[in-house]
Amino acid sequence: MKIHDWFDGPYPARVRIALAEKGLLSKTEFVSVNLWTGEHKKPEFLTINYSGTLPVLELDDGTLIAECTAITQYVDALVGSPSLTGETPLEKGLIHMMTKRAEIEFLDAVSVYFHHATPGLGPDVELYQNPEWGNRMRDKAIRGMRYFDDLLQQRPYIAGESFSMADIAVLGGMIFASLVKLPVPDECVALLEWHARMQERPSVQQWRAMVERGAPLR
Ligand code: GTS
């Protein structure tokens, strides 16, 4: 299978970490789509993903799956335990809820801040910007950090007692926040400790090593 993505993107990181967790990184070919030249908004890529975003999973029969959550659900189902998306109906429900919450309250908010209140991907790609909206989303992202900090004071992982897709989604938020230099408030000790713990996971170390190697060639 192939993943169309960009090597150091925060959303692509979510899928790369999920693939590493499932031991599937070496079975995946990465096709580089250059965000900085707006390749993801060109007609050729829009036929691959209508939304013009990365990452996209392409199966050997040509089937295309976009959206990090959907791709993670697919790769999670390919390989058995430990599950990233939950074994029981309750786990599945909670993990899905917390993943969605990580996106809405944190990761997507950082993304809107980046695209609207900073130069983003540059004038050729950012055709419409609304800095006021971007700054509101920055404040929302910081509230999201405080929310997840609160949660992590009560449990070891975002959706409960074990590592899941929801942790990967919050990690995506932390990766994006670091890229746009949006610091985590010092008082969010539980979030910072969880983040330090996540850096010890082999999957996160494998992702970091790939980023350090740079963009894979087509
Ligand atoms: N809901 C999508 C998902 O979960 O896959 C969002 C994907 C997304 O926003 N991806 C970013 C993108 O394509 C990639 S990155 O910023 O993390 O590298 N952004 C480009 C753009 O122009 O919005």
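The values are calculated or read from the model by the stated rules, or taken from the named source; none is laboratory data. Keep in mind that what you see is a predicted model, and the values were worked out from it rather than measured. Using ideal geometry, Cβ is built from the backbone for each residue, glycine included, and neighbour counts are taken over all protein chains shown. For the accessible areas, the whole protein counts, side chains as well, though only heavy atoms, and no ligand, DNA or RNA atoms are used. Shrake-Rupley method; radii C 1.70, N 1.55, O 1.52, S 1.80 Å.
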Query raised in the report: With each run of n ≥ 4 DSSP H residues scored as -39500 (n - 2.57), what mean residue ellipticity at 222 nm is computed for the chain after dividing by its residue count and rounding to the nearest 500 deg cm²/dmol?
Result: -15500 deg cm²/dmol
Query - Listed residues 137, 214, 154: farthest to the positive end of the dipole of the chain (Cβ charges) - result: 214
Report task. Note down, for the stretch 89-201, the three equivalent ellipsoid semi-axes (square root of 5 times each alpha carbon gyration tensor eigenvalue), biggest first, whole angstrom. Result -> 26, 15, 12
Report task. Measure up 41/140; 100/140; 22/181; 27/92 against 20 Å on the Cα-Cα distance and list the ones that go over. Result -> 41/140; 22/181; 27/92
Requested in this report: Could you please put 96, 195 in sequence from largest to smallest accessible area, using a 1.4 Å probe?
Outcome: 96, 195
Report summary line: Note on the stretch 89-201: contact order normalised by length, alpha-carbon pairs under 8 Å, 6 or more apart, percent, works out to 32 percent
Requested in this report: Compute the Cα gyration tensor for the stretch 1-62, then decide on rounded, prolate or oblate, letting a ≥ b ≥ c be the square roots of its eigenvalues: rounded whenever a/c is under 1.5, prolate when a/b is larger than b/c in the other cases, and oblate in all that remain.
Outcome: oblate
Report task. Tell me the label-point distance for the pair residue 178, residue 97, using the 7 Å Cα-to-Cβ offset, in nm and rounded to one decimal. Result -> 3.0 nm
Report summary line: In this structure, the FRET efficiency calculated for residue 130 and residue 187 from their beta-carbon separation, with R0 = 45 Å, to the nearest 0.05, is 0.90
Requested in this report: Return the distance in nm (one decimal) between the two label points of a simple spin-label model at residue 31 and residue 209, each offset 7 Å from Cα along Cα→Cβ.
Outcome: 2.7 nm
Report summary line: Once amide hydrogens are built 1.01 Å from N within the peptide plane, the residues lying 5 or more places from residue 30 or on another chain with amide H under 5 Å from its amide H are 3
Query raised in the report: If you count the DSSP beta bridges with both ends in the chain, what percent of them are antiparallel, to the nearest 5?
Result: 65 percent
Requested in this report: Enumerate by residue number the chymotrypsin sites (Phe, Trp or Tyr not before Pro) in the stretch 93-201 meeting two conditions: DSSP loop (anything except H, G, I, E, B), and at most 13 other Cβ atoms within 10 Å of the site's Cβ.
Outcome: 128
Query raised in the report: Once you charge only the Cβ atoms, +1 for Lys and Arg and -1 for Asp and Glu, what is the size of the charge dipole of the stretch 1-135 about its Cα centre, to the nearest 20 debye?
Result: 160 debye
**Report entry** Length-normalised contact order of the chain in % [C-alpha pairs under 8 Å, at least 6 apart]
**Finding:** 26 percent
Report summary line: Quick tally, 1.4 Å probe accessible area for 15, 189, 125, sorted with the most first, runs 189, 125, 15
